[in-house]
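K.L.:
Just dropping this structure here.
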Amino acid sequence: MESISNTQLENKLLSSRLKLALIFILLLTLLLLTRIYNLQVVNYEYYQEESFGNQMRTLPITPSRGKIFDRNGQVLASNKLTYQLTLTPEKAGNISTTLLSLEKTGVINEDDIKSYYKNRKRFQKFHNIPIKINLSDTQVAEFLVSNQFPGVDIEPYFNRVYPHDASSVHAIGYVSRMNKKEKALYDKDNYSGTLFVGKVGIEKQYESLLHGQTGLKQIERNVSGRVVDTQIIKPAMPGQDLYLSLDLDMQKKAEELLKGKRGAIVVVDTRNGEVLTLVSTPIYNPNWFVNGISHANYNSLQSSKDIPQLNRTIQGLYPPASTIKPMVALAGLEQGTIDIKTTVFDRGYFQLPGVKRKFHNWDRSGHGSVNVKDAIARSNDVFFYSLANKMGIDNLHDGLKLFRFGQKTGIDIPGEQGGILPSKSWKKINKNEPWYKGETLNAGIGQGFMTSSPLQLAVTTAAVANKGQLFQPTLLKNTQLPGQSITEFKKSDSRQIPINNIKNWETVIDGMRQVVYSPKGTARRLNNKLTYTLAGKTGTAQVFGLDAEEVYIAENLEEKLRDHALFTGFAPIENPEIAISVVVENAGSGSSKAAPLARQVLDVYFNKHLNNELTQ
């Protein structure tokens, strides 16, 4: 049989196959070149690090956290060199086996193991991941002698310490372990080796200043995983030291006076807005949180009805009661509703025209004819019922808004609440109800819907003292970079309250002076042997409303339903330096329960000044 041959078709088929083979070879070559470029150029540093394999690694150096001091240089927060047990996953072999073996030696426990697994996602496999922190010297010594665990090491670190324990906790705050949410908030590179961050107070507010800049080191390990050499690539920069405006002696005095009570004491400098005292009670120990709070301590805080973690100075909102009267008087004087000669006859109660309900004075026997100074000195409710009624809620609201009631003061710690300055529109929006005239009367004496924080009261009292300069309160006074001199932090913002008639300021200030020095002043007991001049205002805030004719008897009520005691004041009267506010929850009369506390705190301030003058 004759074979059939198609040379042309065979050549064409061969040509096609050669082209396909060539294309395939070209693609493989391109892929190889791309891979080489990726290895040698794009990811050079990464693979160079990997090429060192079991010998070399670059790790972060955690910076030393800045210290915190009071205005006089007393340490409020510092660092203590301590040790932690770490595990490097790529060097430890079987991690589960290693951890169980460590547990058998007694150096760690089940909780430490759970903590390790919880935190390891934050780290790379070549990082030294903490297993147990805050090791004792004995634990360190015993482990170093008997350590047979590859990839497990003892490392030094600085542990946050609060040397005065609970004192000033609501101002300073505390640090604790960084959680997953916080990790996402902070700079990944700068916090790569950081375990602890500020949670509340100054520690949180100025985290960026306190933290510093993370460094880098290169470590060399031997085949068993032991570190044999360390080279510093980039040194860590310590965080800045912070100097607060707080006076620790005044802080501790205020805490002593409020021990066993729920309350707050705030002192501000009338000349610049610096906060000298910021105390809320009950207090709690910030050292509990640094290395993880125990179940017992956590439960004690969570189960306490007194809510120790509530910062009452900025988050406690109370009816300002009669402490608002000087500001109401200023509004009435400035708007022309009253003048210095205006009098109201107090027969023990006030009635709106055509209304049967009586709005009683705190003294139901009445004070007779009173003017604005008398009304402030004796805390006469009827005068301010009358004034509020004449002004109306809109004018009253506008007058008090000048003092920034109902707004945050802007203090430099997180969590502040702004309080409530009621108006017709506020009630419509928040209650969906109309405004009633009786509510205007209550607002005129700082009751009803109106609320304010102790800090707000101190700031507004300072503004009265200096005749209208309203400062934004601040806690941070100075900063200091490592190896450099102390520098002043930015100054507090201020604005002038637009009450231009100086006589109106002087009238109200004289009324506050008479609170202390008049024979009928509600805080007259304070003037016994005072070494400085003091102006003030007492207040007693109702926790719940009484029926019109019902008489308040504290002994007949549960403790939580009793009135709050308040006092605000400033000193010296002629050249004011500091203003104070005191709130004691459910304590009763402001004149007997709050005012004496204010004097004792002020005594600390002025005694220190006198001693300083004598030693100069």
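K.L.:
Can you give me the long-range amide H partners of Asp346? Hydrogens built in the peptide plane at 1.01 Å from N, cutoff under 5 Å, separation of 5 or more residues or another chain.
P.N.:
His367, Gly368, Ser369, Val370
K.L.:
Put +1 on the Cβ of each Lys and Arg and -1 on the Cβ of each Asp and Glu in the chain; which of Asn504, Thr568, Val268 then has its Cα farthest toward the positive end of the dipole?
P.N.:
Asn504
K.L.:
For a quick check: with amide H placed at 1.01 Å from N, whose amide H comes under 5 Å from Ser452's, ignoring anything fewer than 5 positions away on the same chain?
P.N.:
Tyr318, Ile420
K.L.:
Once you have the Cα-Cα distance between Gln309 and Asn527, take 0.36 nm times their residue separation minus that, and quote the gain in nm to one decimal.
P.N.:
Contour length minus the Cα-Cα distance gives 74.9 nm.
K.L.:
What whole number of Å gives the distance from the Cα centroid of segment 54-130 to the Cα centroid of segment 278-355?
P.N.:
What the calculation gives is 44 Å, centre to centre.
K.L.:
Sticking with this one: Roughly how many percent of the accessible protein surface of the chain is carbon and sulfur, given a 1.4 Å probe and a whole-percent answer?
P.N.:
52
K.L.:
Determine, for each peptide in 265-273, 156-164, 437-445, the mean count of other beta carbons within 10 angstrom over its residues, then list the peptides with the highest first.
P.N.:
So the peptides 265-273, 156-164, 437-445, ranked by packing, come out 265-273, 437-445, 156-164.
K.L.:
Here's something else I'd like to know. Looking at Trp426, Ala463, Phe449, which one has the Cα that reaches farthest to the positive end of the dipole of segment 413-495 (charges on Cβ: Lys, Arg +1; Asp, Glu -1)?
P.N.:
Toward the positive end, the furthest listed residue is Trp426.
K.L.:
Give the accessible area for Trp362 in Å² (nearest 10); use a 1.4 Å probe, count only protein heavy atoms, and leave out ligands, DNA and RNA.
P.N.:
Rounded to the nearest 10, the figure is 150 Å².
K.L.:
Consider a paramagnetic label point 7 Å from the Cα of Lys188 along Cα→Cβ; state which residues of segment 88-121 have an amide N under 16 Å from it.
P.N.:
Flagged as within label range: 121.
K.L.:
Just want the answer: with Cβ charges of +1 for Lys and Arg and -1 for Asp and Glu, which residue in Leu31, Pro596, Ser167 is farthest toward the dipole's positive end in the chain?
P.N.:
Pro596
K.L.:
Same structure again: Counting helices only, and only those DSSP H runs with n ≥ 4, report the 222 nm mean residue ellipticity of the chain as the sum of -39,500 (n - 2.57) divided by its residues, in deg cm²/dmol to the nearest 500.
P.N.:
Taking each H run of at least 4 residues, the total per residue is -11000 deg cm²/dmol.
K.L.:
How far is the Cα center of segment 146-180 from the Cα center of segment 432-495, in Å?
P.N.:
If you average the Cα positions of each part, the centres end up 35 Å apart.
K.L.:
Please list, ordered by chain and number, the residues whose modelled amide H lies under 5 Å from the amide H of Tyr157; skip anything fewer than 5 residues away on the same chain.
P.N.:
Amide H neighbours of Tyr157, under 5 Å, 5+ apart: Thr82, Tyr83, Gln84.
K.L.:
Further question on the same structure: Mind jotting down the three principal axis lengths of the chain based on Cα atoms? Whole angstrom, largest first.
P.N.:
139, 73, 49
K.L.:
Fully extended, how many nm does the chain gain between Lys358 and Ile502 (0.36 nm per residue separation, minus their Cα-Cα distance)?
P.N.:
48.3 nm is the gain from fully extending Lys358 to Ile502.
K.L.:
Over segment 290-379, give the accessible area per residue in Å² for a 1.4 Å probe, as an integer.
P.N.:
On a per-residue basis, 47 Å².
K.L.:
Can you tell me which lysines have their Cα less than 27 Å from the Cα of Lys477? Leave out same-chain residues fewer than eight positions away.
P.N.:
The qualifying lysines are Lys67, Lys80, Lys199, Lys204, Lys252, Lys253, Lys408, Lys467, Lys490, Lys491, Lys608.
K.L.:
Residues of segment 111-199: accessible area per residue at 1.4 Å, in Å²?
P.N.:
Accessible area per residue, segment 111-199: 52 Å².
K.L.:
If the label point is 7 Å along Cα→Cβ of Asp339, which residues in segment 364-402 have backbone nitrogen under 16 Å from it?
P.N.:
Label zone hits: 371-373.
K.L.:
Between Lys428 and Leu81, what's the calculated FRET efficiency when r is the beta-carbon distance and R0 is 60 Å? Round to 0.05.
P.N.:
0.50
K.L.:
Tell me the angle of helix 381-401 to the major Cα principal axis of the chain, expressed in degrees between 0 and 90 and rounded to the nearest ten.
P.N.:
Between the helix axis and the principal axis of the chain, the angle is about 40 degrees.
K.L.:
Just to check I understand the Karplus step: with θ = phi - 60° and J = 6.51 cos²θ - 1.76 cosθ + 1.60, what whole-Hz values come out for segment 275-286, glycine and proline as x?
P.N.:
Computed from phi, the couplings for segment 275-286 are 8, 8, 9, 9, 10, 10, 10, x, 10, 8, 8, x Hz.
K.L.:
Which order do the peptides 364-373, 100-109 come out in when sorted by mean C-beta neighbours inside 10 angstrom, highest first?
P.N.:
Top of the packing list down: 364-373, 100-109.
K.L.:
Taking the Cα centre as origin and putting +1 on Lys and Arg beta-carbons and -1 on Asp and Glu beta-carbons, what dipole magnitude results for segment 277-390, to the nearest 20 debye?
P.N.:
Dipole of segment 277-390, to the nearest 20 debye: 400 debye.
K.L.:
In whole Hz and in residue order, list the ³J(HN,Hα) couplings for segment 252-268 that follow from phi through the Karplus curve 6.51 cos²θ - 1.76 cosθ + 1.60, θ = phi - 60°; x for Gly and Pro.
P.N.:
Going residue by residue, I get 5, 5, 5, 5, 5, 5, 9, 4, x, 10, 9, x, 8, 9, 10, 10, 10 Hz, with x marking Gly and Pro.
K.L.:
What's the angle, to the nearest 10 degrees (0 to 90), between helix 325-334's Cα axis and the longest principal axis of the chain?
P.N.:
70
K.L.:
Label-point separation (nm) for Val41 and Asn297, each offset 7 Å from Cα along Cα-to-Cβ?
P.N.:
5.6
K.L.:
A follow-up question, please. Roughly how many Å² is the accessible area per residue of segment 241-287, as a whole number, for a 1.4 Å probe?
P.N.:
Here the per-residue accessible area is 26 Å².
K.L.:
Rounded to the nearest 20 Debye, what is the dipole magnitude of segment 461-534 about its Cα centre when Lys and Arg each give +1 and Asp and Glu each give -1 at the C-beta?
P.N.:
280
K.L.:
Which order do the peptides 138-145, 475-482, 245-252 take when ranked by the mean count of other beta-carbon atoms within 10 Å per residue, highest first?
P.N.:
245-252, 475-482, 138-145
K.L.:
Place a +1 charge on the Cβ of each Lys and Arg in the chain and a -1 charge on the Cβ of each Asp and Glu, then give the dipole magnitude about the Cα centre in debye, rounded to the nearest 20.
P.N.:
Here the chain has a charge dipole of around 960 debye.
The values are calculated or read from the model by the stated rules, or taken from the named source; none is laboratory data. Computed from a predicted model, the values in this text were never measured in an experiment. When we count neighbours, we look across all protein chains shown, and the Cβ atoms used for this are built from the backbone with ideal geometry, even at glycine. Just so you know, the surface numbers come from the protein's heavy atoms only, side chains and all, with ligands and any DNA or RNA stripped out. Shrake-Rupley method; radii C 1.70, N 1.55, O 1.52, S 1.80 Å.
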